[in-house]
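Input: a single structure, listed below in structure tokens.
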Amino acid sequence: QVQLVESGGGLVQAGESLRLSCTASGNIFSMHSMGWYRQAPGKQRDAIAIITSIGATNYAGSVKGRCTISRDNAKNTVYLQMDNLKFEDTAVYYCYVNQGGRVYWGQGTQVTVSS
């Protein structure tokens, strides 16, 4: 089993920045991808960023240029740096680990951006 704990969410004003963190523990192997989804009220959960085991990254168009995903393999932690936040970034942000096709999710952290 793998457990994920997110942190770093909060209430910010438009234009400000936040850094989300997600630390995995448990039966973690070295080769896995990690990433972030978000879910706004009344909407589906959407992928926003992914980072592979070798550090390749990909972003959703809605956050490209404003967000940076990174990871610290020694700490089994993935980060999401979000800059120039917009009102429409308001959502619950979930991290995940894809390990051998099995996906584990964190509990989510709320990000609220006031306009």
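Free of any trypsin sites (Lys or Arg not before Pro) that DSSP assigns to a loop and that have at most 12 other C-beta atoms within 10 Å, the longest stretch within the chain is 65-115.
Using a Gaussian network model of the chain in which every pair of alpha carbons under 10 angstrom is joined by a spring, one finds that among Ala56, Ala74, Ala14 the greatest mean-square fluctuation is at Ala74. Beyond 16 Å, the tail of the calculated P(r) for the chain holds 55 percent of the Cα pairs.
Relative to the globular-protein estimate of 2.2 N^0.38 Å, the Cα radius of gyration of region 52-115 stands at 1.22. Charge dipole (Cα centre; +1 on Lys/Arg Cβ, -1 on Asp/Glu Cβ; no other charges) of the chain amounts to roughly 180 debye.
For region 1-98, applying the loop criterion from DSSP together with a ceiling of 10 other beta carbons within 10 Å to the chymotrypsin sites (Phe, Trp or Tyr not before Pro) yields Phe29.
Among Leu85, Leu11, Leu20, the largest mean-square fluctuation in a Gaussian network model of the chain, built with springs joining Cα atoms closer than 10 Å, belongs to Leu11. Surface composition of region 19-115: carbon and sulfur atoms hold 49% of the protein heavy-atom accessible area at a 1.4 Å probe. Probing with 1.4 Å while keeping every protein chain in the model, the per residue accessible area of the chain equals 52 Å².
The values are calculated or read from the model by the stated rules, or taken from the named source; none is laboratory data. Here the structure is a predicted model, which is why all the values come from computation and not from measurement. Methodologically, a virtual Cβ is constructed for each residue, glycine included, from the backbone with ideal geometry; neighbour enumeration extends over all protein chains shown. Accessible surface areas use protein heavy atoms only, side chains included; no ligands, DNA or RNA. Shrake-Rupley method; radii C 1.70, N 1.55, O 1.52, S 1.80 Å.
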